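Since the structure comes first, as structure tokens, the remarks are kept for the end.
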């Protein structure tokens, strides 16, 4: 297997429009993210050979699975993919062990029992070999589906929303298991999910798919903090997206200054934006820093913003504070911080606060959606 | 008790089931899978024997099998003798009359098998035939059992079509249902009563067997 892993380029106009182009390196977990109905599952089905898109090329390592230019279209049986379906699609008349063993057509008959046992042990299902799917819980079914997918000795592992059909506690546990298991797997893994947290938790790479089109791919940190467009920022559920005007570039200080509704902010140097251009910028909610009243710090001179707290939302360990900046109240500025920090500073609606926007985290983007090729 | 008639009925049922079930599996699966223009029309034609008076079906088959029609002449050539008033003719008539009883339960059974199961089989490396044999057929099994029982019971009980196409020839076309009618006409109440009791028992056992098998199958799944 080469480092390329899986390379996918698919396009079609109907029934589900597709213009996806991305790669999944070997031994890496790539998450295909985007809103529901964005064509994620369709891309997965095209990779597995279950549908034939109008145009495209799909390769696994040096093997070509699909190429409309040469009219090559390998059958699903010839592609060696492990596919975990959203609702698992276990065979209801077969036991857990039989469900796994049925995918071992390529394994000598004498070795199948031992291999089945090893796979069921790998997914923590020892003792449940004889159960039919109807007698398994959602999490157990998901594990059988994963074992069945691995039973093929796949070149590529495809997971279609594998955690969507289980409760949250089970989901967390299965996610941890997958995170542990994937270190033992050498093939590229492609995970389809609309859960951004899950994608950020598990993936080495994100591919953002919207209306069948890949908008951006890269490391989760990169895609989340440096989206290529306002659209990607919105799809990544980023809240603090504002519009501003480029004031000037300072090459020596590696800075670009922008005017945000009359307030001057410093951002990392982006000379490609013309002076006077209208742009959008993003500041991650975790990079909005609260100024503590009694303890002024050096950082307070960094992009200071003052305003009034509009709302405080507590979500588990972290809370979200919505601030209406004095100079431009709408849209509001959102910051996340630990609940203890909210309590210590007695943050409540109506209270005056001042914050800093970390200059290094300020990400400038074109204001309009970039035309995609 | 007219054992010859009962034997003939069972023979007719066996032939009908043996010939019709493979056809019904193919047609039922095709109708369950396909989304093509004309599907509703085929379904309507298959269902027609359900609502058609058996004598109407029998009349048309009689006309069709007769030497007046080209179809009848070629069928006569094929079977070596005329189909009307023969056991072979009864089998052909029975196949047509039983079409809905065989196809509909099988079609319903295949319809319950989701696309994702077939796709899971393909991605597990199973070819189309393997998928059919190891996944689809076992899952459609309750529908097949229902079809078998319905066809057998319905064939044994069929009267109108048999009388029109086959008449009442002992050992050739006189089935149990015809024999019962024959005994009533002859005012032989004792023999008629015995035949009726036999047909009632056979029908009840068939239905009970279907319900039991279907119930057990459901219990295995859930």
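The values are calculated or read from the model by the stated rules, or taken from the named source; none is laboratory data. These numbers come from a predicted model, not from an experiment. Cβ: placed from backbone, ideal geometry, glycine included. Neighbour counts: every protein chain shown.
With respect to residue B:83, determine if the residue is crowded, with 24+ Cβ neighbours inside 10 Å and either in a loop (DSSP other than H, G, I, E, B) or in contact with a strand residue (DSSP E or B) (Cβ under 6 Å, 6 or more places away or on another chain) (or both). Yes: the conditions hold for residue B:83. Just one of (1) in a loop (DSSP other than H, G, I, E, B); (2) touching a helix residue (DSSP H, G or I) at 6+ places or on another chain (Cβ under 6 Å) fails for residue A:187. It is (2). So is residue A:147 surrounded by fewer than 20 Cβ atoms within 10 Å (Cβ to Cβ), assigned to a helix (DSSP H, G or I) and within 13 Å of chain B (Cβ to nearest Cβ) or not? It is false that residue A:147 is surrounded by fewer than 20 Cβ atoms within 10 Å (Cβ to Cβ), assigned to a helix (DSSP H, G or I) and within 13 Å of chain B (Cβ to nearest Cβ). How many residues, within region A:335-369, are closer than 16 Å to residue A:242 by Cβ and surrounded by 15 or more Cβ atoms within 10 Å (Cβ to Cβ)? Within region A:335-369, residues that are closer than 16 Å to residue A:242 by Cβ and surrounded by 15 or more Cβ atoms within 10 Å (Cβ to Cβ) number 13. Has region A:316-325 got any residue that is loosely packed, with under 15 Cβ neighbours inside 10 Å, without any contact (Cβ under 8 Å) to a residue 60 or more places away in the chain and closer than 24 Å to residue A:237 by Cα? Yes, there is a match, as at least one residue in region A:316-325 is loosely packed, with under 15 Cβ neighbours inside 10 Å, without any contact (Cβ under 8 Å) to a residue 60 or more places away in the chain and closer than 24 Å to residue A:237 by Cα.
Just to check your reading of the model, which residue among B:102, B:93, B:44 is out of contact with any helix residue (DSSP H, G or I) (no Cβ under 9 Å at 6 or more places or on another chain), more than 14 Å from chain A (Cβ to nearest Cβ) and modelled with pLDDT of 90 or more?
Going through B:102, B:93, B:44 in turn, the sole match is B:44.
Taking region A:73-86 on its own, how many of its residues are part of a strand (DSSP E or B) and either at pLDDT below 95 or facing chain B (nearest Cβ under 7 Å) (or both)? Here the count works out to 2.
Taking residue A:26, is it out of contact with any helix residue (DSSP H, G or I) (no Cβ under 6 Å at 6 or more places or on another chain), within 25 Å of residue A:183 (Cβ to Cβ) and buried (at least 20 other Cβ atoms within 10 Å of the Cβ)? Considered against the rule, which asks whether it is out of contact with any helix residue (DSSP H, G or I) (no Cβ under 6 Å at 6 or more places or on another chain), within 25 Å of residue A:183 (Cβ to Cβ) and buried (at least 20 other Cβ atoms within 10 Å of the Cβ), residue A:26 comes out as no.
For residue B:61, the test of being within 22 Å of residue B:173 (Cα to Cα), under 13 Å from the mean Cα position of the chain (by Cα) and part of a helix (DSSP H, G or I) is failed.
Candidates B:120, B:109: the one that is within 13 Å of chain A (Cβ to nearest Cβ), in a helix (DSSP H, G or I) and in contact with a strand residue (DSSP E or B) (Cβ under 8 Å, 6 or more places away or on another chain) is B:120.
Looking across region A:230-252, the residues that are assigned to a loop (DSSP other than H, G, I, E, B) and in contact with a helix residue (DSSP H, G or I) (Cβ under 9 Å, 6 or more places away or on another chain) come down to A:236, A:237, A:238, A:239, A:240. Only a single criterion out of (1) part of a loop (DSSP other than H, G, I, E, B); (2) surrounded by 15 or more Cβ atoms within 10 Å (Cβ to Cβ); (3) within 11 Å of chain B (Cβ to nearest Cβ) is not satisfied by residue A:131, namely (3).
Here is a yes/no grid of residues against (1) surrounded by fewer than 16 Cβ atoms within 10 Å (Cβ to Cβ); (2) away from chain A (no Cβ under 14 Å); (3) assigned to a helix (DSSP H, G or I):
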| position | (1), (2), (3) |
| --- | --- |
| B:146 | no, yes, yes |
| B:149 | no, yes, yes |
| B:152 | no, yes, yes |
| B:173 | no, yes, no |
| B:182 | no, yes, yes |
| B:187 | yes, yes, no |
| B:192 | no, yes, yes |
| B:208 | yes, yes, yes |
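Within region B:154-171, restricting attention to residues that are under 30 Å from residue B:107 (Cα atoms) and outside any helix (DSSP H, G or I), the residue that is farthest from the chain's Cα centre (by Cα) is B:159.
When restricted to residues that are closer than 20 Å to residue A:137 by Cβ, facing chain B (nearest Cβ under 10 Å) and buried (at least 23 other Cβ atoms within 10 Å of the Cβ), region A:92-120 contains 2.
Results for (1) in a helix (DSSP H, G or I); (2) more than 22 Å from residue A:185 (Cα to Cα); (3) within 13 Å of chain B (Cβ to nearest Cβ), shown as yes or no for each residue.
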residue: A:20; (1), (2), (3): no, yes, no
residue: A:26; (1), (2), (3): no, no, no
residue: A:32; (1), (2), (3): no, no, no
residue: A:35; (1), (2), (3): no, yes, no
residue: A:41; (1), (2), (3): yes, yes, yes
residue: A:45; (1), (2), (3): yes, no, yes
residue: A:50; (1), (2), (3): no, yes, yes
residue: A:57; (1), (2), (3): no, yes, no
residue: A:69; (1), (2), (3): no, yes, no
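Considering (1) surrounded by 15 or more Cβ atoms within 10 Å (Cβ to Cβ); (2) within 19 Å of the chain's Cα centre (by Cα), the lone condition that residue B:204 does not fulfil carries the number (1).
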